[in-house]
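Undergrad: I have a structure here, written as structure tokens, and I will follow up with some questions on it.
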Amino acid sequence: MKSRRTEPARHRRVARRPLLKAAGAAVVAASAGGVWSAHAAKSPSAAADESADALIIGAGYAGVTVARELAARGLKPLILEARNRTGGRIWTDTFSGEQVEIGGGWVGEQQKLVQRELTRYGITTTPDIGPERMLLPGDKELESLTPEEAVGALSPLWSEFYRGSESYFERPYEPLHRKDLLQKVDGLSLADRLRQLSLAPKEFQRLNSETSLYSGGPSSIGALTGMAQWFQLAGGTYESSLSMNQKPAGGMISLLKAMLKEAGTEVRLQSAVTRITESKGLVAVEVSGGKRYTAPLVVVATPTNVWKDIAFHPGLPPAHATAARQGIGVPHSNKLWIHVRGRTEALFAQTPEGSPISMMLPQQQLSDGRLMVAFGGPSLDAGDPAAVQKAVRQFLPGSSLIRYRTMDWGRDRYSRGGWGLRRPNQLLNLFPQIEEPHGRILFAGADIAQGWHGAYIEGAIESGLRAAQQAITLAP
């Protein structure tokens, strides 16, 4: 393999490029279909204030849901988006000539709101590529299993791990329904739950490899109730959770584009919000460069981890201030797309915590190899092609790295974290207050959804529908 110096275009570290950190203009056409790129030409530094019926901060699924619902009721909202593209933590792009998901990549049949929206716009889905072989932590090294053997080994472990969640999440779409039972478990981290179980070392590694991945760091970060709610929403069995593997035709961005087209709402790209001030029944929003917008109400539809980058006047209420300080988006989320040749079987691999690559999944078979999607651990130097090659060969000996692309969502200034996963005590301490309006400032986003929170566009749509109804109530 040639060095990075001689082939700079073949190894791209997205997270370290300032242009792509801000999701540069070249990405707009690829990610948003080119429809919205014209708005990037509108300078946010014009002198006069602009007004709208409502201002929506963030052009992800939550913000676009709000815009569509308000537009359907005759209002004219305006979306302010910090990036040079729509989608937020959803980013459909191309790599090695194939459509890929740089951000979130899957939906499930159990997600009722997503399924309703897909039907509404006639968007079909296909299941992701299944593995031919699986590597899981063994007693001393990774153990090779058939998919059937792996499911047989993991299913009883996860059933025991989530035992009791069928009671404290009796109604998983209403997570506070059994607050009495949640009092005993909401303070537990995923690591706490692992310590409660009598696990052999291999069993511990097989569970902890996944809980640490979803936590974006040690398993002590994520709440047991966060993942347990997903488990019950998916059907309450390990087998049913595996069905969360559907990919929409046209990519994850396709549904958002259809919603935005119906809404007909203008999107102002490159408009990072720096200040929100409410006074005398009006909300003023200032973006980088000094441009100001005013409206009777504002919906903040950004990841909770970036709330601390916005100056709120008056300040945030206690639940929102706590969420901004603690964060909900996982701190480490480095997603890699890898193009390999040589040994290119459809392999799924999951490794012990601390490994350079935490998980690898098979993707498209190409004429000159295969694409794989992986999640890098904190120990991986994703900017070093030799380190990535070495990590890949742990799973695919004899394979050769052709090229790769990486996106570190934890270092992205407009996400400051990957998917959302609640911390211990956040469910009972933050909800439902975090969903309530703060005067004429409203909040939306997958991080604060009650159902499929954090990691799924289902939660973003749910939260957007709730915020839209609040906005309609507050609208003059």
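The values are calculated or read from the model by the stated rules, or taken from the named source; none is laboratory data. Predicted model, so just to flag it, every value in this text is computed and none were measured. When we count neighbours, we look across all protein chains shown, and the Cβ atoms used for this are built from the backbone with ideal geometry, even at glycine. In case anyone asks, the SASA skips ligands and DNA or RNA and just uses the protein heavy atoms, side chains included. Shrake-Rupley method; radii C 1.70, N 1.55, O 1.52, S 1.80 Å.
Undergrad: Among the candidates Arg83, Arg89, Arg120, single out the residue that is over 30 Å from Gly290 (Cβ atoms) and basic (Lys, Arg). Let's see the steps before the verdict.
TA: Numbers: Arg83 fails: over 30 Å from Gly290 (Cβ atoms); Arg89 fails: over 30 Å from Gly290 (Cβ atoms).
One residue alone meets the criteria, Arg120.
Undergrad: Quick one: how many residues across region 419-460 are over 13 Å from the mean Cα position of the chain (by Cα) and assigned to a helix (DSSP H, G or I)?
TA: 8
Undergrad: When Thr274 is evaluated against the numbered criteria (1) closer than 14 Å to Glu81 by Cα; (2) in contact (Cβ under 8 Å) with a residue 40 or more places away in the chain; (3) more than 20 Å from the chain's Cα centre (by Cα), which criterion, by number, is the only one it fails?
TA: Against the list (1) closer than 14 Å to Glu81 by Cα; (2) in contact (Cβ under 8 Å) with a residue 40 or more places away in the chain; (3) more than 20 Å from the chain's Cα centre (by Cα), Thr274 comes up short only on (2).
Undergrad: Give region 376-422 a look and list any residue that's among the charged types (D, E, K, R), farther than 20 Å from Arg341 by Cα and open to solvent by less than 20 Å² (accessible area, probe 1.4 Å), or say none.
TA: Asp408, Asp412, Arg422
Undergrad: I'd like the full set of residues that are touching a residue at least 24 places away in the same chain (Cβ under 8 Å), assigned to a loop (DSSP other than H, G, I, E, B) and more than 25 Å from the chain's Cα centre (by Cα), limited to region 165-184. Don't jump to the end; show me each part of the working.
TA: Of the residues in region 165-184, the ones touching a residue at least 24 places away in the same chain (Cβ under 8 Å) are 165-166, 168-169, 172-176, 179, 182-183.
Now drop any that are not assigned to a loop (DSSP other than H, G, I, E, B), which leaves 169, 172-176, 183.
Of everything in region 165-184, just one residue is touching a residue at least 24 places away in the same chain (Cβ under 8 Å), assigned to a loop (DSSP other than H, G, I, E, B) and more than 25 Å from the chain's Cα centre (by Cα), namely Gln183.
Undergrad: Shifting gears a bit: I need a count of the residues in region 193-208 that are part of a helix (DSSP H, G or I) and either of a type in the set (D, E, K, R) or under 20 Å from Pro424 (Cβ atoms) (or both).
TA: Qualifying residue count for the region: 10.
Undergrad: A further question follows. Consider Pro476 carefully, then state whether it is part of a loop (DSSP other than H, G, I, E, B), closer than 29 Å to Leu260 by Cα, open to solvent by 10 Å² or more (accessible area, probe 1.4 Å) and not charged (D, E, K, R).
TA: Working: part of a loop (DSSP other than H, G, I, E, B): yes; closer than 29 Å to Leu260 by Cα: yes; open to solvent by 10 Å² or more (accessible area, probe 1.4 Å): yes; not charged (D, E, K, R): yes.
So Pro476 fits the description; yes.
Each row is one residue, and each column tells you yes or no for (1) touching a residue at least 40 places away in the same chain (Cβ under 8 Å); (2) among the aliphatic types (A, V, I, L, M); (3) more than 21 Å from His332 (Cα to Cα).
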residue: Arg403; (1), (2), (3): yes, no, yes
residue: Asp408; (1), (2), (3): yes, no, no
residue: Arg413; (1), (2), (3): yes, no, no
residue: Arg440; (1), (2), (3): yes, no, yes
residue: Gln450; (1), (2), (3): yes, no, yes
residue: Ser463; (1), (2), (3): yes, no, yes
residue: Ala468; (1), (2), (3): yes, yes, yes
residue: Ala475; (1), (2), (3): yes, yes, yes
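Undergrad: What number of residues within region 90-124 are in contact with a strand residue (DSSP E or B) (Cβ under 8 Å, 6 or more places away or on another chain) and either within 26 Å of Pro331 (Cβ to Cβ) or assigned to a strand (DSSP E or B) (or both)?
TA: Going through region 90-124 one residue at a time, the tally reaches 16.
Undergrad: Could you pull out every one of the helices (runs of 4 or more DSSP H) wholly within region 215-308 that has 1 or more residues that are surrounded by fewer than 18 Cβ atoms within 10 Å (Cβ to Cβ)?
TA: Output list reads 238-241, 253-263.
Undergrad: Next question. I need the full set of residues from region 125-162 which are in a strand (DSSP E or B), open to solvent by 30 Å² or more (accessible area, probe 1.4 Å) and under 23 Å from Met227 (Cα atoms), in order please.
TA: Pro127
Undergrad: Right, something else. Being farther than 17 Å from Ile56 by Cβ and open to solvent by less than 10 Å² (accessible area, probe 1.4 Å) is the filter here; which residues of region 432-442 pass it?
TA: Ile434
Undergrad: Taking into account only those residues within region 173-184 that are touching a helix residue (DSSP H, G or I) at 6+ places or on another chain (Cβ under 6 Å) and aliphatic (A, V, I, L, M), which is most open to solvent (accessible area, probe 1.4 Å)?
TA: That would be Leu181.
Undergrad: Checking Gly33 against (1) within 21 Å of the chain's Cα centre (by Cα); (2) at pLDDT 95 or above, which test does it fail?
TA: In the conditions (1) within 21 Å of the chain's Cα centre (by Cα); (2) at pLDDT 95 or above, Gly33 misses (2) alone.
Undergrad: So how many residues does region 407-418 have that are in a strand (DSSP E or B) and charged (D, E, K, R)?
TA: 1
Undergrad: So which residues in region 328-375 are open to solvent by 10 Å² or more (accessible area, probe 1.4 Å), of a type in the set (Gly, Ala, Ser) and at negative phi, if there are any at all?
TA: Ser355, Ser358, Ser367
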